[in-house]
1. Mind checking the dipole of region B:161-272: about its Cα centre, +1 per Lys or Arg Cβ, -1 per Asp or Glu Cβ, Debye to the nearest 20?
2. Quick check: the distance between the Cα centres of region B:217-257 and region A:62-126, to the nearest angstrom?
3. When chain B is modelled as a GNM with alpha-carbon springs shorter than 10 Å, which of B:Gly249, B:Gly38, B:Gly230 fluctuates the most?
4. Counting only DSSP beta bridges with both residues in the protein assembly as shown, what percent are antiparallel, rounded to the nearest 5?
5. Give me the angle, in degrees from 0 to 90, between the Cα long axis of helix A:107-117 and the longest principal axis of the Cα atoms of chain A, rounded to the nearest 10.
6. GNM, chain B, Cα, under 10 Å: largest mean-square fluctuation among B:Ser133, B:Ser18, B:Ser168?
7. Please arrange B:Leu10, B:Leu27, B:Leu124, B:Leu229 by counting, for each residue, the other beta carbons lying within 10 Å of its beta carbon, fewest first.
8. Determine how many Å³ per residue the convex hull of the Cα atoms of region B:63-150 encloses.
Amino acid sequence: MRQKGSNQAESVVTFEEVGLRYGRGPEILQDVNFALPAGSFHFLTGMSGAGKSSLLRLIYLAARPSSGRIRLFGQDISRLPRAEMPALRRRVGVVFQDFRLLDHLSALDNVALPLRVAGARESEVQKHVPELLSWVGLSEYLHAKPPTLSGGQQQRVAIARAVIARPDLLLADEPTGNVDDHIAMRLLYLFEELNRLGTTIVIATHNEALVSRFNHPRLHIERGRVERV
Amino acid sequence: MLFFRRRSDLPLKDDATSRFLPWLVALMTFLSAVSLAGVFVLGGVIERWDRDVSGTLTVQVAPAPGNAVDSEVRTRERVEAAVRLLRSTPGVLSAHSIDKTRTLQLLEPWLGDTALLQDLPLPLLIDVTVDPSKRVDLDALSETLKASVPGATLDDHRVWLSRLVNLSRTVEMLALSVVLMIGGVTSATVIYATRTGLAVHQEVINVLHMIGAQDSYIARQFAERAFNLGLAGGLLGLALAAPALGMVGWAARRLEGGLLPDLSMPWTGWVMLLVLPWIAALLAMVTARFTVLRSLARMP
């Protein structure tokens, strides 16, 4: 687990005049400018297809901007050597919209991946992973493989995997899309708890009702541009 | 057999590679074992020939003309003259005439029963040992023998031995080239299998990268799998090669008459054969690791 809090005032993510297009297609994002202070909690809202997932992809280094500059933890990602990407990615937890769980691994092993990749001891893995899975209501499914779990259960495994290593930045793409309101609230409280411990949170969602229940700033995407609401 | 028992995040166990790679490595190990055994046996034979024959010469004295009794007496005189001459030559340690009975015994493996040859005029032989540390002018000795003892010729084993050794060395190099080629083919197969694995597991690899896995973390899993498959295949290949080599050795020992030289393999050869599966496994591991690292480095 990482210690936090030394650079609270610094921006974790900075976008400067960022544009994104895939191949020769239309510009998905244009002239995007914003900064996420360390320890902040933001919702990323917008219609379906507005570019929320694309913006998250830029932050977690799965896509490169067509124009402009992105800084992640103070580093310009366009100049980032490939060898330095893993260290940066370990500081970012991602809940993918399509979960991206590894079907051949159990729920426990899926959640343990970030710890194992970072070289954690197996005793640490066996202590923390069942604890977290129990917290998200999956204590009886530790050894179940993703294909045998429901959509909501898979989503909770994906969330547990994203938060297990206490990342500095958590990106979640529609993390409550497949769960009922009760579980959705419980998951958001988990994100708030992480935020209180110092993790910067960005949650992409089109669930306006959910967003309105929390008093967090919002980045809204419309026609490829991002506005602070 | 599994040497690395560490957990793998990639589902490599179920790949088609797991089925064909051990068999292919087994075949390659079998061929390498046979080739290497040939190299070591040949090396041993060459060394023994070299040790046995260098420093020895044979002088052949043709039967003197005339009737049987006269011829035998005169031939013996010529042999004694030749032995005296040889013993007085600097660098010659010993010179012994080989009597007719012993000569017939030497011919027996090739000609069978020699009772019929008793009455034939056979050349007599003189076994000469020269000091290997001293240089004896064999051409001059040959000329002196010819001039002093009619019918005497010097047979220098070194001429035919050097030709034989050259031929053996060529065969030895050829066998070593075969082993190297087998190594190359094994590497190429591992490269192909690893690239296929990378393509099949692209999605899993992407997820691991997104989670922060380094290329070396992914490469380790491919390398360990390749090592295990290589070792399993190597041991299987060796298990197949051992009885095959044993049978060849047994068949060679059964040949009568010393037509073949001693075909035993030195201990270094046996050690090399036992190490072969581990070499195959290491080759597979290093190749897989190198292939994964190179392929992943090309990714954006």
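Nothing in this text is a laboratory measurement; each read-out follows from the coordinates by a stated rule. Small disclaimer: the values here were computed from a predicted structure and weren't measured. Methodologically, a virtual Cβ is constructed for each residue, glycine included, from the backbone with ideal geometry; neighbour enumeration extends over all protein chains shown.
1. It works out to roughly 220 debye.
2. Result: 42 Å between the Cα centres.
3. B:Gly249
4. Taking every DSSP beta bridge within the protein assembly as shown, about 65 percent pair in antiparallel fashion.
5. 60
6. Of B:Ser133, B:Ser18, B:Ser168, the most mobile in the Gaussian network model is B:Ser133.
7. Exposure proxy ranking, most exposed first: B:Leu27, B:Leu10, B:Leu124, B:Leu229.
8. Value for region B:63-150: 105 Å³ per residue.
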